[in-house]
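Enquirer: Attaching a single structure in structure tokens format; questions to follow.
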Amino acid sequence: MGIFERLANAIFRTATGDDNKRRVLTLPVALIFLVFIILLIVAAMLTDRWLNLPSISSPPWTVVLAVILLLAGIIFYAWTIVNFMSARGTPVPVNPPKELVVSGPYAHSRNPMLTSLYLVFFGAGILWGSLSFTVFYTPLFILVNTVYIKKVEEREMELKFGQAYLDYKKRVPMYFPRFR
């Protein structure tokens, strides 16, 4: 059994286990994710400075684009949080809703929470004028999350929800909704 499968099994056992343990672990796991995001931002700032990278120019159209991305991401993120909380769960992998959430934004994307964060990251990178955050660290964040989702989260969801998740996975795209 590889490291990713062991991690998926550990998350599955925790997410389906004792309610008190899940509640206790929710804040530390959320803080680890927040620290990871802060480290990406700090790394981008240092990279821009150390490499003396030019700032992304800020003509009015880039500011408008950044604000649109930020607002869309924030609104979309809030919608996903409300949807998760109405299913009596949190976005933290160790304390998710007990049932498979397939309504609201989850009817169109299997990972709308991350999709919204990607929009926020690109908007913030453009607004801050950080070349490294926009073209390196945000794509790196997307890559790391995609590997985690494919190797760990999807396996854990299959363990938890079985065929219902496999059917959902076939029907709904990973990040970006299909427009028909």
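Enquirer: In a loop (DSSP other than H, G, I, E, B) and over 16 Å from the mean Cα position of the chain (by Cα) - does that describe any residue in the range 59-76?
Expert: yes
Enquirer: Another question, if that's okay. When the range 98-115 is examined, which residues are found to be over 13 Å from the mean Cα position of the chain (by Cα) and outside any helix (DSSP H, G or I)?
Expert: Residues satisfying the conditions are Lys98, Glu99, Leu100, Val101, Val102, Ser103, His108.
Enquirer: I've got another one for you. Just name the residue that is surrounded by the most Cβ atoms within 10 Å (Cβ to Cβ) out of those in the range 80-139 that are touching a Gly at 6+ places or on another chain (Cβ under 6 Å) and over 30 Å from Asp48 (Cβ atoms).
Expert: Pro96
Enquirer: Among residues belonging to the range 119-147 that are modelled with pLDDT of 95 or more and aromatic (Phe, Trp, Tyr), point out the one that is nearest to Thr62 (Cα to Cα).
Expert: The qualifying residue nearest to Thr62 (Cα to Cα) is Phe122.
Enquirer: Working carefully through the options Leu27, Leu39, Leu31, Leu7, find the one that is surrounded by fewer than 13 Cβ atoms within 10 Å (Cβ to Cβ), modelled with pLDDT under 95, more than 15 Å from Gly129 (Cα to Cα) and not β-branched (Val, Ile, Thr).
Expert: Being surrounded by fewer than 13 Cβ atoms within 10 Å (Cβ to Cβ), modelled with pLDDT under 95, more than 15 Å from Gly129 (Cα to Cα) and not β-branched (Val, Ile, Thr) holds for just one of Leu27, Leu39, Leu31, Leu7, which is Leu27.
Enquirer: Limited to the range 12-24, what total is found for residues that are of a type in the set (A, V, I, L, M, F, W, C) and either loosely packed, with under 12 Cβ neighbours inside 10 Å or not in a helix (DSSP H, G or I) (or both)?
Expert: 0
The values are calculated or read from the model by the stated rules, or taken from the named source; none is laboratory data. Bear in mind the structure is a predicted one, so any value in this text is a computation, not a measurement. Virtual Cβ from ideal backbone geometry, glycine too; neighbours counted across all protein chains shown.
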